[in-house]
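Engineer: I am attaching a structure below and will ask some questions about it afterwards.
The values are calculated or read from the model by the stated rules, or taken from the named source; none is laboratory data. Every value quoted in this text rests on a predicted model; they were computed, and no experiment measured them. No Cβ is skipped: glycine too gets one built from the backbone with ideal geometry, and neighbour counts run over all protein chains shown. SASA here: full protein model, heavy atoms, side chains in, ligands and nucleic acids out. Shrake-Rupley method; radii C 1.70, N 1.55, O 1.52, S 1.80 Å.
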Amino acid sequence: MKNGLALFLGVFATLALSWAGLLLTAHRQIGGLSQFKDPADDTLHPQPLSGLADQGRLVYQDLGCVTCHTQQVRHEGFGSDLARKWGERGSYARDYIRDQTVLLGQNRLGPDLRNVGARLGDARPEEYAEWFYKLLYAPQSVAAGTNMPAHAFLFDVHPVAGRQPSAHALALPSKFAPGSGLEVVPTARAVALVAYLQSLKDTYDYPIERSRNTPAPKKAGH
Amino acid sequence: MNSPANNRSEQMEIDASARWPVLVFFGSALLWLLLGGVMQLAAAMQLHQPGLLAADEWTTHGRLAPAAQNALVYGWGMNAAFAFGLWLMARLSATTLRHGGWLFVAAKFWNLGVTLGVLGILGGYSTSFELLEMPRFVSLILLAAYALIGVWAVTTFSIRNTENVYASQWYLFGAAFWFPWLYAIAQVMLFKAPVRGVLQPVVNAWYAHGLYNLWFVPVALTAAYYFLPKILGKPVANYYLAPLAFWWLAITSAFAGGSRLIGAPVPVWIPTLGIAANMLVVVAVVIIGLNLFGTLAGRQAEARNSLTLRFIIISLVSFVLAAVMNLALSMRGFAATVQFTVFDGLRDWLTFYACFSTAMFGAAYFMLPRLTGREWRSPALIKAHFGATALGVGLMIAGLTYAGWIQGKLLNDAAVPFAEITKAMAPWFAYRTVVLGLLLLGHVAFLINFLGMACPFNFAKVPDALFRAPPDLSPEAHAPVGHSLKGVGP
């Protein structure tokens, strides 16, 4: 190889090919995915994020939650995400078109969060929000043994003396409370972040994706 | 125009022209290596000491860990690659590095960009896309600075005074173009005109895989293709296969990014294409192995005597291991277990640190004495650096492979509560901290030695600190080999 121009053209073609072959082709295939209209009740899915939850997404990005948390539920037969109850089904590409930024994540130092908003069990949404606030302020208070760092900077701690206690103050066990006469109140960023976390739930199952992602039944005798 | 740099005075003239730009780039690289290393160490400690630096928003783990990675990749990695690449491009093209003053401007802007980027991540302006976390405006500074640096490399290549174009030059030339294209395309497709939905992780995977395998790996191979034949004084074995390896590696690596998305909610052909590409990469790895290990064959004793080659050998072995690891992570059954564990991170660490960074250490031990005209000051510090690197790389690979497997097994056992996994992993997080600390000690030793050599006020004549007997490290010994060495030639 002596010819600089040939080298340049080859180098250019290498990357251009992979760009066109991988990114453009993928864009052509799923770049135009749209919401699905449920024929039964005319609702659109996935539903867009609320304004507050979308602000929370920015907090999620700025704090780098993606460093330790994924947002993707792997399908049956690949890992145990469903057995861990991280979702009722594997994630589909269509689930993500509501998100301005899609952070699938690469690390599971913490649990997957794609359906964390659907894990409230019997709790009411406000109670579940309180659980998130406690998790963020003092992780050990609700998840013993976790190595998640406390995000106390998302909360205001101020004395109650001389004024009416905040209706939003956290009810912390004394071990984790900042001290008597002080109350812990979530800041606007904490409120937005928790709204975002509570919005994370892919509970609607799309008929097209479901039929495409269901493994073929195993034939008897094999 | 036949290789005028064959004679030693020309070569010294080339080295002299490259001296200050290289020292500036390499000096900044080392500062970032130390700074990034300290941040990386603190972030690693946070996983087993969650209270550490958690009170302040700037140093919460979610910000500190990506900030450390960006400082290491764009601060240490890119600066070191610029220093080494510019010097070698000038040497191999047998022409001086002209108007080096502009490179100072470029270095200033590049480091300004990285500084703002790292501060931006710590300050809460992270985009959270892997390796693209820096705030958007920083990308313009980086691209402008890179334009100056890349143009210098390409211009130096195009005014070359040599007939042949050697393997190292192909890799440098390719990398010089691939990085800005990858970076600019990723910036446009993620931030300027963002693609929708899961296309974003596809673009991100394509970029991250490209940055590691079309920038850092080529630069590491550049070093291996240059130093092995040069120091051993023999041509590259089976050199006629080298062009095939170059193109094969480039094409397959460019398509392999999708393999990072196995099991992700993307069209299944994307990971499948990546898996196929990772399998095809093996052909290139085998040829490069034939080239470079073939050159080494029969000369192991000489190679052991050269500090540079010791580092290059670590780099080469890691290059092969990284390909094996990419292949392993492409096996769906294996990926189902180790995906999202510390093993996943080990793959990129292996490429970036064990393959690329060690190659740069080796190159620095060869290049810096020739540029400054001084020898390294302390053999003890050299030994400390090499020992820490060799031991650290070995411990990291062995330890995290095992830890990743354990973590994956536990994650895939739905009966194990998450707190149990954290508990089981705590000793391994501590283990990683210790290994990173060991590597950092090596870097400190390296930096002290570098400062001792590069300090302009340091006139005291001390005996040269050589790793082994002089023949392998003195410029005279290599002068006859010089640039006549083009792998093979009729």
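Engineer: Just to compare against my own numbers: the Cα pair-distance distribution for region A:44-209, 10 Å bins, whole % per bin, please.
Structural biologist: Pair shares across the bins are 10, 36, 34, 14, 5, 1.
Engineer: I've got another one for you. Using only helices, what value at 222 nm comes out for chain A when you add -39,500 (n - 2.57) per DSSP H run of length 4 or more and divide by the total residues, to the nearest 500 deg cm²/dmol? Intermediate values should be presented prior to the final figure.
Structural biologist: Working: 7 runs with 69 residues, N = 222.
The helix-only estimate for chain A comes to -9000 deg cm²/dmol at 222 nm.
Engineer: Heads up, I need the accessible area for B:R91: 1.4 angstrom probe, whole protein in place, Å², nearest 10.
Structural biologist: 10
Engineer: To continue, here is another question. Let me check against my output: what whole-number percent is the relative contact order of chain B, with C-alpha pairs under 8 Å and at least 6 apart? Please list the in-between numbers first.
Structural biologist: On the way: 722 pairs, mean separation 88.5, N = 490.
About 18 percent, as a whole number.
Engineer: I've got another one for you. What does the charge count around B:L72 come to, taking other residues whose C-beta lies under 14 Å from its C-beta (Lys +1, Arg +1, Asp -1, Glu -1)? It would help to have the intermediate numbers written out before the result.
Structural biologist: Numbers: positive: none; negative: B:E130, B:E133, B:D348.
Once all neighbours under 14 Å are counted, the net charge is -3.
Engineer: Using only the alpha-carbon atoms, what does region B:1-82 span along each of its principal axes? Please give whole angstrom values in decreasing order.
Structural biologist: So the three principal-axis extents are 63, 19, 15 Å.
Engineer: Simple spin-label model, 7 Å along Cα-to-Cβ: B:L451 to B:H99 in nm?
Structural biologist: Modelled inter-label distance: 3.5 nm.
Engineer: Continuing with the same structure: Pop the C-beta distance of B:F293 and B:A147 into the FRET formula with R0 = 30 Å and round what comes out to the nearest 0.05. Could the numbers behind the result be given before it?
Structural biologist: On the way: r = 37 Å, r/R0 = 1.24.
Using R0 = 30 Å, I get an efficiency of 0.20.
Engineer: Given points 7 Å out from each Cα along the Cα-Cβ axis, report the A:R28 to B:L119 separation in nanometres with one decimal.
Structural biologist: The modelled label-to-label distance comes out at 4.6 nm.
Engineer: Can you check what the net charge comes to around B:L199, using other residues whose Cβ is under 13 Å from the Cβ of B:L199 (Lys, Arg +1; Asp, Glu -1)?
Structural biologist: On the way: positive: A:R28, A:R94, B:R196; negative: A:D99.
Summing Lys/Arg as +1 and Asp/Glu as -1 gives +2.
Engineer: Using helices alone, I'd like the mean residue ellipticity at 222 nm for chain B: each DSSP H run of four-plus residues gives -39500 (n - 2.57), total over residue count, nearest 500.
Structural biologist: Numbers: 18 runs with 336 residues, N = 490.
Helix-only estimate at 222 nm: -23500 deg cm²/dmol.
Engineer: Could you compute Rg(Cα) / (2.2 N^0.38 Å) for region B:92-136, with N its residue count? Don't skip to the end; give the middle numbers.
Structural biologist: Details: Rg = 15.5 Å, N = 45, 2.2 N^0.38 = 9.3 Å.
Taking N as the residue count of region B:92-136, the ratio is 1.66.
Engineer: Scan around A:F155 for amide H atoms under 5 Å from its own, H built in the peptide plane at 1.01 Å from N, and keep only partners 5 or more places away or cross-chain.
Structural biologist: For A:F155, the qualifying residues are A:T187.
Engineer: Please list, in order along region A:196-212, the HN-Hα scalar couplings obtained from phi with the Karplus expression 6.51 cos²θ - 1.76 cosθ + 1.60 (θ = phi - 60°), rounded to whole Hz, x for Gly and Pro.
Structural biologist: 5, 4, 6, 7, 7, 7, 9, 9, 7, 9, 7, x, 5, 5, 4, 5, 6
Engineer: How many Å³ per residue does the convex hull of the Cα positions in chain B occupy?
Structural biologist: 142
Engineer: Within chain B, which whole H helices from DSSP have a Cα span along their axis of at least 15 Å and a mean Kyte-Doolittle hydropathy of 1.6 or more, if any?
Structural biologist: Details: long enough: B:8-46 (53 Å, 0.74); B:78-92 (20 Å, 1.25); B:101-123 (33 Å, 1.45); B:136-158 (33 Å, 1.72); B:167-187 (30 Å, 0.69); B:199-211 (18 Å, 0.40); B:217-232 (22 Å, 1.38); B:242-255 (20 Å, 1.43); B:269-296 (40 Å, 2.00); B:307-330 (35 Å, 2.11); B:358-372 (21 Å, 0.88); B:379-411 (46 Å, 1.03); B:418-454 (51 Å, 1.32).
Answer set is B:136-158, B:269-296, B:307-330.
Engineer: Still on this structure, I have one more. Mind scanning A:K37/A:K85; A:K2/B:K230; A:K201/B:K192; B:K383/B:K409 and naming the pairs with a C-alpha gap bigger than 32 Å?
Structural biologist: Details: A:K37/A:K85 27 Å; A:K2/B:K230 20 Å; A:K201/B:K192 28 Å; B:K383/B:K409 39 Å.
Pairs exceeding the cut-off: B:K383/B:K409.
Engineer: I've got another one for you. Working from Cα positions, state the angle (0 to 90°, nearest 10) between the long axis of helix A:125-137 and the longest principal axis of chain A.
Structural biologist: For A:125-137 against chain A, the angle is about 90 degrees.
Engineer: While we're looking at this one, here's another question. Express the accessible area of chain B per residue in Å², computed with a 1.4 Å probe while the remaining protein chains stay in the model.
Structural biologist: Values: 16290 Å² over 490 residues.
That works out to 33 Å² for each residue.
Engineer: Might you work out the accessible area of B:W58 for me, using a 1.4 Å probe with all protein chains in place, and round it to the nearest 10 Å²?
Structural biologist: 120
Engineer: For the pair A:A20 and B:L31, how long in nm is the line joining their label points, each one 7 Å along Cα→Cβ?
Structural biologist: 4.4
Engineer: Still on this structure, I have one more. Which residues among region B:183-200 fall inside the zone where the amide N is under 19 Å from a point 7 Å beyond the Cα of B:L140, along Cα→Cβ?
Structural biologist: B:183-194
Engineer: Could you estimate the translational diffusion coefficient of the protein assembly as shown from the Stokes-Einstein equation, with Rh from the Kirkwood formula over C-alpha pairs, at 20 °C and 1.002 mPa s, in whole µm²/s? Walk me through the numbers before you get to the answer.
Structural biologist: On the way: Rh = 26.9 Å.
After rounding, the answer is 80 µm²/s.
Engineer: Can you give the Rg and Dmax of region A:84-156 based on its C-alpha atoms, in angstrom?
Structural biologist: Reported Rg and Dmax, both Å: 14.0, 38.
Engineer: Compactness ratio of region B:43-98: Cα Rg over 2.2 N^0.38 Å, N = residue count?
Structural biologist: Working: Rg = 18.6 Å, N = 56, 2.2 N^0.38 = 10.2 Å.
Cα-based Rg divided by the globular estimate yields 1.83.
Engineer: Another question, then. Which net charge results when you count Lys and Arg as +1 and Asp and Glu as -1 among the other residues whose beta-carbon is under 14 Å from that of B:S126? Please list the in-between numbers first.
Structural biologist: Numbers: positive: A:R57, B:R63, B:R136; negative: A:D62, B:E57, B:E130, B:E133.
Charge balance near B:S126 sits at -1.
Engineer: Here's a follow-up. Starting from the Kirkwood Rh over alpha-carbon pairs, what translational D in µm² s⁻¹ does region B:40-188 have by Stokes-Einstein at 20 °C and 1.002 mPa s?
Structural biologist: So the translational diffusion coefficient is about 128 µm²/s.
Engineer: Something else: Can you tell me the FRET efficiency between A:A123 and B:V38 if r is taken as the Cβ-Cβ distance and R0 is 35 Å, rounded to the nearest 0.05?
Structural biologist: Here the calculated transfer efficiency is 0.25.
Engineer: I would also like to ask the following. Nearest 100 Å² is fine: what is the total accessible surface buried where chains B and A meet, probe 1.4 Å? Write down the numbers at each step before the final one.
Structural biologist: Working: alone 19390 and 14360 Å², together 27390 Å².
Chains B and A together bury roughly 6400 Å² of accessible area.
Engineer: Assuming R0 = 41 Å, can you tell me the calculated FRET efficiency for the pair B:A426 and B:V154, based on Cβ-Cβ distance, to the nearest 0.05? All intermediate terms of the calculation are to be shown ahead of the outcome.
Structural biologist: Working: r = 49 Å, r/R0 = 1.20.
Once rounded, the FRET efficiency stands at 0.25.
Engineer: Same structure again: Summarise the partner chain shielding of A:20-26 as one whole number: the mean count of Cβ atoms from other chains within 10 Å of each residue's Cβ. All intermediate terms of the calculation are to be shown ahead of the outcome.
Structural biologist: Working: counts 0, 3, 14, 11, 0, 4, 12.
Shielding by partners across A:20-26 averages 6.
Engineer: I would also like to ask the following. So how compact is region A:151-199: Cα radius of gyration and Dmax in angstrom?
Structural biologist: Spelled out, the Cα radius of gyration and Dmax of region A:151-199 are 11.6, 37 Å.
Engineer: Beta carbons within 10 angstrom, averaged per residue: use that to sort the peptides B:139-145, A:104-110, B:409-415, B:430-436, highest first. Spell out each step's value before the answer.
Structural biologist: Values: B:139-145: 17.7, A:104-110: 22.1, B:409-415: 16.1, B:430-436: 20.0.
Output ranking for B:139-145, A:104-110, B:409-415, B:430-436: A:104-110, B:430-436, B:139-145, B:409-415.
Engineer: With the full set of protein chains in place, find how many percent of the accessible area of chain B is carbon and sulfur; take the probe as 1.4 Å.
Structural biologist: Working: 11520 of 16290 Å².
The C+S portion of the solvent-accessible surface of chain B is 71 percent.
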